[in-house]
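Before any comments, here is the structure.
We did not get these values from a lab; they are worked out from the coordinates using the rules stated. These figures come from a predicted structure and were not determined experimentally. Using ideal geometry, Cβ is built from the backbone for each residue, glycine included, and neighbour counts are taken over all protein chains shown.
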Amino acid sequence: MKLLGRQTWQFAQDVFVNAAGTAVGPMESEGPLGALFDKRYSELHCNEKNWELAERRLMEDAIGSCLMKAKLKNEDINFFLAGDLLNQVVTANYVARQNQIPFLGVFGACSTSMESLAIGAALVDGGYAHRVIAACSSHNATAERQFRYPTEYGGQKPDSATFTVTGAGAALVSHQPSSVRVGAATIGKVIDLGIKNPFDMGSAMAPAAADTIATHLQATQTTPADYDLIVTGDLSGVGSPIVKMLLHEQGIDISKNHRDCGLMIYRPDQEVFAGGSGCGCSAVVTYGHLLKELIEGRLSRILVAATGALLNPTMMQQKESIPTIAHAVTLERVKGVST
Amino acid sequence: MATKEQQQAYAEKIKPLQPKPPYFINCLKAFVVGGFICVIGEALQKFYMTYFNFTTENVGNPTSATLILIAALLTGIGVYDKIGQFAGAGSAVPVTGFANAVTSAALEHRSEGIVLGVATNLFKIAGAVIVFGAVAAYVFGMIRYAFKILL
Amino acid sequence: MDYVWAFVVGGGICVIGQLLMDVFKRTPAHVTTSFVVLGALFDAFGLYDQLIEFAGAGATVPITSFGHSLLHGAMASAEDHGFIGIAMGIFELTSSGISSAILFGFIIALVFKPKG
């Protein structure tokens, strides 16, 4: 049985992440991980005419670098699983129109990175695909104009707000041995503890992250000490202490090895409020940074819990609270396999 | 679905971990920037009254038009949103904030064309001010005029 | 002295707006619409003109003066045309503000590109 408990998938020993590609905007390039990203744009428009095209370019670049590293072409890929934050996941749709890989659109807001990776690994493990590309993207300006205000509008944001990462990440999953294997994945439940402030998504998402991490640990019968890092997607400076507190109440102590992608991607002195957010946040940090750490042996086992605020501006105006979700994936270093 | 009690308990629990807005600093910034914009307005009023023969009655017209032009330009070159993040209500409450709301919405939707993008979205944010202003003026005007006739 | 009072009164109105945003968690759109209604309300009692007299641009530059001008135009026109005049005069005094916002907003949108 590949199912552990109610909602956790245990993959066979031969599901690997073969390659990954990342592309980011200017703020992310200047951040502490900047040098690790494959494609870096110094300008938010990414040499395109409008914001939506810029985001599309980022996703195409991420997939391009990923395929180039794996020395594969679009035709070699069975399925393309992708999503983004925009209505009808337009970025993914238009990228799929271009690359002509059979496509499944995925939406999990900022948790899309791990959602698509988990589904991709399940397809490969189940024998339904040889090679799958899992990708997602976000762009600060497309997100601002869809979820908040026009980019040039002078509204003041509070310190609890997060800053949408401009970036895209793509990963190739297959049976082809490599030094990083996808171990297990937990699909989260939608959790809503009544937070209504779209400028405080960290507080809204922390319970979902705590629930998924606790479920994953229990199902896989592991403890936080079994992981070098437990990484959350974009809880930022506000949500990170909350998730630690919530897990601590359940007797799980992640304070030693917890990191948050939203806090890793920017320097503390960059003006990003409480930290980074968006699909691109967990995607570029996981695929650009953490994966390298695993390959080069500085980490041997990590749990990435990508968090998503399933926010909709219309629902916010109708006074609904923010439903949230988190999906967790274990990535493990495989010894003795060269890539 | 979480119950009301669970929601309240969570809100209570995370309260100490949530950043509080720096009330005093924010108010100070709003005061200084808002006051400064008004000082520019005052200078413009004196200028138009001295050199263009405007009166106290109608000097508001060229003054606000000039302020609107400045704010629209600052929005166009991507500066007003930075001022707004710094000053909060200090740059939102003066008429320049109205101009920023109009211009930023128009500018943002330029990618959807001039008619459906720019023109349709021009009053997307600022329109609420005109709607409420007109409705309020109508209602108060009716009441005040009715009183005037009756008394 | 005109400048001092313009600064203090204009800044003070902005501080009230800031408190509405920070303490009562209102959006800037809520704050400005409330202020326009308040401006009209103050004018209905004849108070806003006194504030302008005292603070000059400190009272005419904040968006509250938009509400005041809307009502002022309506009342002036009501003098001549009765109840119908209210509708006729509402935008009388504010037309330069609205039309310049439309014109400049439109032109800027054609000339510039959002910077993000």
Original post:
In terms of Cα to Cα distance under 19 Å, which lysines are near enough to A:Lys71, apart from those fewer than 8 places away along the same chain?
Top reply: A:Lys39, A:Lys292
Original post:
To the nearest 500 deg cm²/dmol, what mean residue ellipticity at 222 nm is calculated for chain B from DSSP H runs of n ≥ 4 alone, each contributing -39,500 (n - 2.57), summed and divided by the residues?
Top reply: -23500 deg cm²/dmol
**OP:** Kindly put A:Met205, C:Met1, B:Met1 in sequence by how many other C-beta atoms sit within 10 Å of each C-beta, fewest to most.
**Re:** C:Met1, B:Met1, A:Met205
**OP:** Could you pull out the trypsin sites (Lys or Arg not before Pro) across segment A:22-107 that fall in loop regions by DSSP (anything but H, G, I, E, B) with no more than 16 other Cβ atoms inside 10 Å?
**Re:** A:Lys49, A:Lys71, A:Lys73
**OP:** Sort chain C into rounded, prolate or oblate with this rule: let a ≥ b ≥ c be the square roots of the eigenvalues of the Cα gyration tensor; rounded if a/c is under 1.5, and if a/c is not under 1.5, prolate when a/b is larger than b/c, oblate otherwise.
**Re:** oblate
**OP:** Grab the DSSP H runs of chain A that are 4 residues or longer, score each as -39,500 (n - 2.57), total them, divide by all residues and round the 222 nm result to the nearest 500 deg cm²/dmol.
**Re:** -9500 deg cm²/dmol
Original post:
Modelled label-to-label distance, B:Val135 and A:Leu3, 7 Å Cα→beta-carbon offset: nm?
Top reply: 5.2 nm
Subject >> Given charges at Cβ of Lys, Arg, Asp, Glu: the protein assembly as shown dipole, positive-most of A:Gly280, C:Phe24, B:Thr50 >> reply: A:Gly280
**OP:** Take peptide B:21-33, look around each residue's Cβ out to 10 angstrom, count Cβ atoms belonging to other protein chains, and average those counts.
**Re:** 5
**OP:** Using only atoms on other chains, find how many Cβ atoms lie within 10 Å of each Cβ of peptide B:64-72 and report the average.
**Re:** 6
Original post:
Most exposed first by the Cβ proxy, i.e. fewest other Cβ within 10 Å, how do C:Phe66, A:Phe273 rank?
Top reply: A:Phe273, C:Phe66
Subject >> Using alpha carbons only: equivalent-ellipsoid semi-axes of the protein assembly as shown, gyration tensor based, whole Å >> reply: 53, 24, 20
Original post:
Within chain A, what's the longest stretch lacking GluC sites (Glu not before Pro) that sit in DSSP loops with no more than 11 other Cβ atoms inside 10 Å?
Top reply: A:1-270
Original post:
Which loop trypsin sites (Lys or Arg not before Pro) in segment A:238-307, with loop taken from DSSP, have no more than 14 other Cβ atoms within 10 angstrom of their Cβ?
Top reply: A:Lys256, A:Arg298
Original post:
Shielding of B:49-57 by partners, i.e. mean partner chain Cβ atoms within 10 Å per residue?
Top reply: 1
Original post:
In percent, how large is the relative contact order of chain C, given Cα pairs closer than 8 Å and 6 or more residues apart?
Top reply: 22 percent
Original post:
Quick one: B:Met49, A:Met1, fewest Cβ neighbours within 10 Å first, how do they rank?
Top reply: A:Met1, B:Met49
**OP:** For segment A:85-185, calculate the relative contact order in percent as a whole number, restricting contacts to Cα pairs under 8 Å that are 6 or more residues apart.
**Re:** 30 percent
Original post:
Under the definition of Cα pairs under 8 Å and six or more residues apart, what whole-number percent is the relative contact order of segment C:1-64?
Top reply: 51 percent
**OP:** List the lysines whose Cα lies under 16 Å from the Cα of C:Lys25, skipping any in the same chain that are fewer than 8 positions away.
**Re:** A:Lys157, A:Lys196, A:Lys319, B:Lys15, B:Lys20
**OP:** Could you tell me, in Å, what Rg and Dmax come out for the Cα atoms of segment A:207-300?
**Re:** 13.4, 40
**OP:** Starting from the Cα of A:Lys2, draw a straight line to each of the lysines and keep only those under 20 Å, dropping any in the same chain fewer than 8 residues away.
**Re:** A:Lys189
**OP:** Report the convex hull volume per residue for chain A, counting only C-alpha atoms, in Å³.
**Re:** 121 Å³
